Structures are given as C-alpha cells and as structure tokens.
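Report on the following structure.
The values are calculated or read from the model by the stated rules, or taken from the named source; none is laboratory data. On a predicted model such as this, the values are computed, not experimentally measured, just so you know. Positions of Cβ are generated from backbone atoms using ideal geometry, with glycine treated the same way; all protein chains shown enter the neighbour counts.
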Amino acid sequence: MMTLEEFDQAVEEEMSLLPDYVYKELNGGVLVDQAACMHPRRLADDLFILGTYSVDPIMGKQIVLYYGSFAATMQYLPDSAVRQQIRDTLRHEFRHHLETNAGLFGKGTLIEEDRNAMIRYFLRHKEADPAP
C-alpha cells in the first residue's frame, strides 16, 4: 500500500487530469484524511467509505478521500490498483459535485446509484445470513 505521502501525491496527479470546470464552486477543495471511515449503516465491519462529497455552510463544498479506508481495503494490492481506485473515487465524488451544482437529485443520478448499491449490500448480507 502507498504511504500517505504517495497517496496524497497520487490524488494531486489525478486531480490535475480533470478539466477546470469541475472545480467550479468546490470552495472547500479536495482533502485527504488519514482516517478509515466506516459506513454508519454497515451491518458488519465490511463497508468502508473511500470518499465523500459534502456541502456545509461553513466548510463549503468539498471532497474528502479517506486514506485509512483505502489502506484497510487495498493493503495487499499493487499501487496501480490503488491509483485506479483513487481515480474512480475522485470522479465519483466530482460527479456528485456536478450533479448537485446542476440541481440533479432524483432518478438517474449518482444518489440513486449509491442508494441501489446500499440495497444490494443489504441483500447480500441477508442472503449470507438467512434468518432461522
């Protein structure tokens, strides 16, 4: 797994590949947090949050990538795989930002895709642990 410094550098490099317009109104910027972030609705210790997009009246609109979550879920993978996940996670969070700026919150948005992913997560747990 990459060190925190290598991770931070990879995030910077991936950000430099994105067009300028995606940064419009992202006044809180993109941050790297050392913490591992567990999903609050997880059913076991198996659901880490890799990144978040948030809109806060004080901090503004910002994206956070959680180095600890990447380290916990990708510790044995090559740096190239971690780098690809950084790219995917950044683009996922930027899509939330762009959809929010456009006022898109309903059907066909990333919010709906994320909700469906959580439903699939709950169903997998239900199938793996059927009630007696």
Review point. Got at least one residue in the range 13-33 being under 15 Å from the mean Cα position of the chain (by Cα) and farther than 28 Å from Asn101 by Cβ?
Key: no
Review point. So is Tyr121 loosely packed, with under 15 Cβ neighbours inside 10 Å and either closer than 23 Å to Val32 by Cβ or aromatic (Phe, Trp, Tyr) (or both) or not?
Key: no
Revision key, fill the gap. Checked pairs for the range 90-115, first under 15 Å from Thr52 (Cβ atoms), second among the charged types (D, E, K, R), C-beta under 8 Å and 6 or more apart or across chains, list as Leu90/Glu14; His97/Glu25; His97/Lys61; Thr100/Lys61; Leu110/Arg95; Leu110/Glu99; Ile111/Glu99
Review point. Only one of (1) of a type outside the set (Lys, Arg); (2) out of contact with any Asp or Glu (no Cβ under 9 Å at 6 or more places or on another chain); (3) surrounded by 18 or more Cβ atoms within 10 Å (Cβ to Cβ); (4) not in a helix (DSSP H, G or I) is not met by Phe70, so which one is it?
Key: (4)
Exercise for review: Kindly establish whether Arg124 is over 25 Å from Asp56 (Cβ atoms) and either modelled with pLDDT under 95 or in contact with a helix residue (DSSP H, G or I) (Cβ under 7 Å, 6 or more places away or on another chain) (or both).
Suggested key: yes
Exercise for review: Among the residues of the range 23-35, write down those that are buried (at least 17 other Cβ atoms within 10 Å of the Cβ) and not in a strand (DSSP E or B).
Suggested key: Leu26, Gly28
